[in-house]
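The values are calculated or read from the model by the stated rules, or taken from the named source; none is laboratory data. Every value quoted in this text rests on a predicted model; they were computed, and no experiment measured them. Accessible surface areas use protein heavy atoms only, side chains included; no ligands, DNA or RNA. Shrake-Rupley method; radii C 1.70, N 1.55, O 1.52, S 1.80 Å.
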Amino acid sequence: MGWDDRRLVKNLRINHETLNYVVDTLYPVWTKDPTNYREPVSVYCKVVISLWRLSTGIGYRSLGHLFGLGESTACEITNEFCKIFNEIFLSIHLKLPDRTRLQNITDGFERKSGLPQVAGAIDGTHIPVKLPDISQAASYFNYHGYYSIVLQALCDHEYQFMDISVGWPGAVHDWRVFRTSDLGRSFENHESFVEELPPRNIEGVDVKPYILGDPAYCSRDYMAIRYPRTNLTIQERYFNLKQSSCRMAIECAFGRGKGRWRVLMKMNEAKLDNIIETTVTCCILHNICEQFKIEYLDVWDERTATEAEFDPPNANIQPNIQPVHLQQQRGTAVRDAIKRHLWNNRT
């Protein structure tokens with residue numbers, strides 16, 4: 001391809017170095033032998049075709065016309081790419097941190113916001129889908145007014161996803177998605193990745209690394225959410241300001257991910273299994289772009305009218321359904337200690 005890096009990034013979201021890395025890695029497992037009927041499409045071309053689909057959200061019919069292929073061939077290539085890509089790259093580029101990286105993450109969040117011991121920010125976002133079955137309409141119809149599946153993601157201070165869970169129907173609340181995910185169960189059982197680091201004494205309380213959530217989640221010793229916005233003290237308002245600022249990492253991660261891979265904002269008529277595979281692929285590609293320091297163009301923040309419908313402002317705000325739970329007491333003690341620490345160390 002005769003494009004320079006900037007044109008390649010504009011159209012395929014990755015530069016030549018990254019494109020060659022993906023092609024070279026996939027080549028041994030995705031090369032097909034020629035038949036008596038036709039020469040197979042090269043791995044390089046199949047990767048380019050797939051990236052074009054993911055970066056634009058273009059339909060398979062138009063994609064096929066663009067590359068001189070049939071609609072079904074274009075669809076088959078893209079689906080194959082996502083499946084093979086995920087099998088190879090997921091464990092390399094989207095994984096929970098080890099002890100060293102976790103320390104770097106907590107240090108990074110503290111440098112940015114002053115919040116100590118933050119191990120990540122979590123939230124859910126919606127991926128639009130065509131209604132799978134009329135009998136399931138209520139389950140997939142989300143509170144924004146369209147059918148979707150939920151993508152839950154945990155990110156670090158550099159907007160890279162560390163864990164994802166995708167596939168729950170759009171009407172399911174974020175807290176339920178979290179509780180039933182492998183990540184949520186690991187936290188509840190005290191077996192999560194944050195156990196790699198020892199607690200830190202903060203204002204007389206031993207505080208283990210914790211993650212940040214919005215009010216759709218529940219207060220735990222591993223989950224710090226904002227104080228309810230009624231009758232707040234000045235210290236509580238200050239904590240909320242810092243917590244919200246720090247938690248913006250996950251909003252930025254979602255924004256940059258959807259900005260690059262616009263298929264995530266298109267009404268997708270594919271089978272649910274394929275939509276899930278595609279979403280995972282986009283999350284991995286997002287991480288690769290961030291890890292390879294590929295430029296993010298401001299123009300990608302623009303949304304068409306249709307895209308804006310499926311990615312509205314404050315898209316991830318859900319009703320607060322705080323249940324009564326004994327662990328909330330421990331979560332409140334941790335949050336209060338962090339609140340005092342922030343106030344005592346403000347500049």
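Here are the numbers:
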quantity: Shape parameters for region 159-283, alpha-carbon atoms, Rg then Dmax in Å; calculated: 17.0, 54
quantity: Cα-Cα separations in region 219-268 greater than 17 Å, expressed as whole percent; calculated: 53
quantity: Flagged links, alpha-carbon separation over 21 Å, of Lys208/Lys242; Lys112/Lys339; Lys32/Lys130; Lys208/Lys293; Lys95/Lys293; calculated: Lys32/Lys130; Lys208/Lys293
quantity: Helix 16-30 axis, angle to the chain major axis (alpha carbon atoms, nearest 10°); calculated: 70
quantity: Along principal axes, Cα extents of region 1-82, largest first, whole Å; calculated: 39, 28, 23
quantity: Residue of Thr180, Thr230, Thr31 that the Gaussian network model of the chain assigns the largest fluctuation, springs spanning Cα pairs under 10 Å; calculated: Thr230
quantity: Convex hull (Cα only) mean projected area of the chain, reported in nm² to one decimal; calculated: 19.8
quantity: Probe 1.4 Å, protein heavy atoms only - accessible area per residue of region 1-126 in square angstrom; calculated: 50
quantity: Square roots of 5 times each gyration tensor eigenvalue, C-alpha, region 73-167, largest first, Å; calculated: 32, 21, 9
quantity: Residue of Gly57, Gly259, Gly68 that the Gaussian network model of the chain assigns the largest fluctuation, springs spanning Cα pairs under 10 Å; calculated: Gly68
quantity: Accessible area of the chain belonging to carbon and sulfur atoms, whole % at 1.4 Å probe; calculated: 50
quantity: Accessible surface, region 201-298, averaged per residue in Å² (probe 1.4 Å); calculated: 37
quantity: MRE, 222 nm, helices only [DSSP H, n ≥ 4, -39500 (n - 2.57), over the chain, to nearest 500]; calculated: -16000 deg cm²/dmol
quantity: Whether region 1-146 is rounded, prolate or oblate, judged on the alpha carbon gyration tensor where a/c under 1.5 counts as rounded; calculated: oblate
